[in-house]
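*Asks:* Let me begin by handing over the structure; questions about it come next.
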Amino acid sequence: MKTIAFIPVRGGSKSIPRKNIKLFCGKPLVCWLIEAFETSSLVDEIIIATDSNEIAETVNKRGYKKTVIYKRSAENASDTSSTESVMLEYLENNLQLEPDTVFILGQATTPFTETHQIDAAINQLKGGGYDSLISCSVMKKFFWDKTGSALNYDFNNRPRRQDFTGILTENGAFYISKVGNIIKSRCRLSGKISVFELPEYFLTEIDEPDDWSYAELLMRKYVKKPVTGNIKLFITDVDGVLTDAGMYYTENGDEIKKFNTHDGMAFDLLRRIGIKTAIVTSEQTKLVERRAAKLKVNYLFQSKREGGKLAAAIEICEKENISLDEVAYIGDDINCLDLLSNVGLAACPSNAVNKIKEIKGIHHLSKGGGEGVVREFVEFILAKIESK
């Protein structure tokens, strides 16, 4: 019995432009769900149904093994199109699928889904003789109607939250049915329906800008695992990190920067264990170019560019075929904010500006820029790798 996962993603999101490929915790939003399906031994194929060439290109660049692009029609990619319409369009264009093919509808706007949950849900559907399955979470809220009547509790005996059973609520993470049932009912659910319960944080869907920030907090708290031992690329800023942020000039107007030799050894230590290195800075100087050559860094990006330091890091990741989750970065000022907020491991020196120090999950180092802080960060990474 074949199992396919189906993820519909439009390019025309208005509330959050380019939402489905916007970086969410260091990875394009749609990729979180794709990768949960990719690592499932029970899922045979993943269909990304999109009208956007940009989304298709972003997905294809990741080199997924089981994922293919289905170009949905413009008619079924409008603001008023239903999810059922694009599901049925795909199925009617793929009539070779057997009626008992398991069909999982997944929604990219709920990125918390993990492989073990997908596998458990598939097994629940098959093992219980169900026709369809829906993912839900318990919402512990008290509901009323407009007539002033309480719908799900007795207000005269208000229960404590921990004693309140709540109500199962559709969370939109995934729906499972069979191809034959969907074609016959023209609906994602039909027949005997099973409920698969997921944690309460799944009730947060990313539809508005405020949802995005909150969802990232939840992702880092409940789902995104520490990746210290999986670092494949180390990136550092220059001024305020490799240097003390001082600007020194000779009488002839030549600029001088002070570097720390202990930091130089840090690059050698990383190279010995196969971790690539990069320097990304907004300045453009021969001095930094010479220092980078001496350190034998793999990548040097100088000068300001569209998209800032984050764009430079993404370009390196694409060349190395890795994700931002596998990147460690140390920066100190607001032009480092986007990159620090999206890498797998972020750190800042003790003299970093407050905006940087306030990034959730950032590692605060004891040394300041130019004092060997890069060496301190590298030794932290190496210790984590050795203890893994």
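*Asks:* When the residues of region 253-269 are filtered to those that are surrounded by fewer than 22 Cβ atoms within 10 Å (Cβ to Cβ) and aliphatic (A, V, I, L, M), which remaining residue is modelled with the lowest pLDDT?
*Replies:* The extreme case among them is Ile256.
*Asks:* Next question. Answer yes or no as to whether Asn354 is under 19 Å from the mean Cα position of the chain (by Cα) and not acidic (Asp, Glu).
*Replies:* No: the conditions fail for Asn354.
*Asks:* Report, by residue number, each residue of region 315-334 that is crowded, with 16+ Cβ neighbours inside 10 Å and either in contact with a His (Cβ under 9 Å, 6 or more places away or on another chain) or closer than 14 Å to Asp237 by Cβ (or both).
*Replies:* Result: Val327, Ala328, Tyr329, Ile330, Gly331, Asp332, Asp333.
*Asks:* Among the residues in region 276-285, are any among the small types (Gly, Ala, Ser), more than 26 Å from Leu29 (Cβ to Cβ) and either in a loop (DSSP other than H, G, I, E, B) or touching a helix residue (DSSP H, G or I) at 6+ places or on another chain (Cβ under 6 Å) (or both)?
*Replies:* Yes: region 276-285 contains one or more residues that are among the small types (Gly, Ala, Ser), more than 26 Å from Leu29 (Cβ to Cβ) and either in a loop (DSSP other than H, G, I, E, B) or touching a helix residue (DSSP H, G or I) at 6+ places or on another chain (Cβ under 6 Å) (or both).
Quick grid of which residues meet (1) outside any loop (DSSP other than H, G, I, E, B); (2) surrounded by fewer than 17 Cβ atoms within 10 Å (Cβ to Cβ); (3) of a type in the set (Gly, Ala, Ser):
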site: Tyr130; (1), (2), (3): no, no, no
site: Ser137; (1), (2), (3): yes, no, yes
site: Thr147; (1), (2), (3): no, yes, no
site: Asn152; (1), (2), (3): no, yes, no
site: Leu168; (1), (2), (3): yes, yes, no
site: Asn171; (1), (2), (3): yes, no, no
site: Phe174; (1), (2), (3): yes, no, no
site: Arg188; (1), (2), (3): no, no, no
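*Asks:* Pull up region 198-222, narrow it to residues that are touching a strand residue (DSSP E or B) at 6+ places or on another chain (Cβ under 6 Å) and of a type in the set (D, E, K, R), then point me to the one that is nearest to Thr109 (Cα to Cα).
*Replies:* Result: Glu205.
*Asks:* Return the residues of region 364-373 that are surrounded by 16 or more Cβ atoms within 10 Å (Cβ to Cβ) and under 26 Å from the mean Cα position of the chain (by Cα); say none if nothing qualifies.
*Replies:* Leu365
*Asks:* Another question, then. Return the residue satisfying two criteria in turn: it lies in region 41-79 and is within 14 Å of Glu89 (Cβ to Cβ) and of a type in the set (Lys, Arg), and of such residues it is surrounded by the most Cβ atoms within 10 Å (Cβ to Cβ).
*Replies:* Arg72
*Asks:* Do we find that Asn342 is at pLDDT below 90, of a type outside the set (Ser, Thr, Tyr), outside any helix (DSSP H, G or I) and crowded, with 19+ Cβ neighbours inside 10 Å in this structure?
*Replies:* Yes.
*Asks:* Do we find a residue being out of contact with any Phe, Trp or Tyr (no Cβ under 6 Å at 6 or more places or on another chain), of a type in the set (D, E, K, R) and touching a residue at least 24 places away in the same chain (Cβ under 8 Å) anywhere in region 168-176?
*Replies:* Within region 168-176, one or more residues are out of contact with any Phe, Trp or Tyr (no Cβ under 6 Å at 6 or more places or on another chain), of a type in the set (D, E, K, R) and touching a residue at least 24 places away in the same chain (Cβ under 8 Å).
*Asks:* Would you confirm, using the coordinates I've provided, whether Phe202 is out of contact with any Phe, Trp or Tyr (no Cβ under 6 Å at 6 or more places or on another chain) and surrounded by 14 or more Cβ atoms within 10 Å (Cβ to Cβ)?
*Replies:* Answer is no for this residue.
*Asks:* Starting from residues that are in contact (Cβ under 8 Å) with a residue 12 or more places away in the chain and under 14 Å from Lys2 (Cα atoms), keep the ones in region 92-105 and report whichever is nearest to the chain's Cα centre (by Cα).
*Replies:* Once the filter is applied, the top-ranked residue is Ile104.
*Asks:* Which members of region 352-386 meet the condition of being out of contact with any strand residue (DSSP E or B) (no Cβ under 9 Å at 6 or more places or on another chain), closer than 24 Å to Lys224 by Cβ, without any contact (Cβ under 8 Å) to a residue 40 or more places away in the chain and in a helix (DSSP H, G or I)?
*Replies:* Matches in region 352-386: Lys355, Ala383, Glu386.
*Asks:* Can you find even one residue in region 63-81 that is touching a helix residue (DSSP H, G or I) at 6+ places or on another chain (Cβ under 8 Å), in contact (Cβ under 8 Å) with a residue 40 or more places away in the chain and of a type in the set (A, V, I, L, M, F, W, C)?
*Replies:* yes
*Asks:* Here's something else I'd like to know. Which condition from (1) buried (at least 16 other Cβ atoms within 10 Å of the Cβ); (2) within 19 Å of Lys71 (Cβ to Cβ) is the one that Glu92 breaks?
*Replies:* (1)
*Asks:* Among the β-branched types (Val, Ile, Thr) and either at pLDDT 90 or above or closer than 22 Å to Gln124 by Cα (or both): does that describe Thr165?
*Replies:* no
*Asks:* Return the pair list, or none, for Cβ contacts closer than 6 Å from residues in region 106-135 that are touching a residue at least 40 places away in the same chain (Cβ under 8 Å) to residues that are among the charged types (D, E, K, R), at least 6 apart or on different chains.
*Replies:* Thr109/Glu205; Thr110/Glu205; Tyr130/Lys192; Asp131/Lys192
*Asks:* What is the number of the single condition among (1) touching a Ser or Thr at 6+ places or on another chain (Cβ under 8 Å); (2) crowded, with 20+ Cβ neighbours inside 10 Å; (3) over 30 Å from Lys126 (Cα atoms) that Phe24 does not meet?
*Replies:* (1)
*Asks:* Another question, if that's okay. Regarding region 345-354, can at least one residue be identified that is at positive phi and of a type outside the set (S, T, N, Q)?
*Replies:* no
*Asks:* Something else: Would you mention how many residues in region 193-248 are within 18 Å of the chain's Cα centre (by Cα), assigned to a loop (DSSP other than H, G, I, E, B), of a type in the set (A, V, I, L, M, F, W, C) and at pLDDT 85 or above?
*Replies:* 2
The values are calculated or read from the model by the stated rules, or taken from the named source; none is laboratory data. Note that the structure is a prediction, hence the values are computed from the model and not measured. Here Cβ is always computed from backbone atoms with ideal geometry, including for glycine, and neighbour counts include all displayed protein chains.
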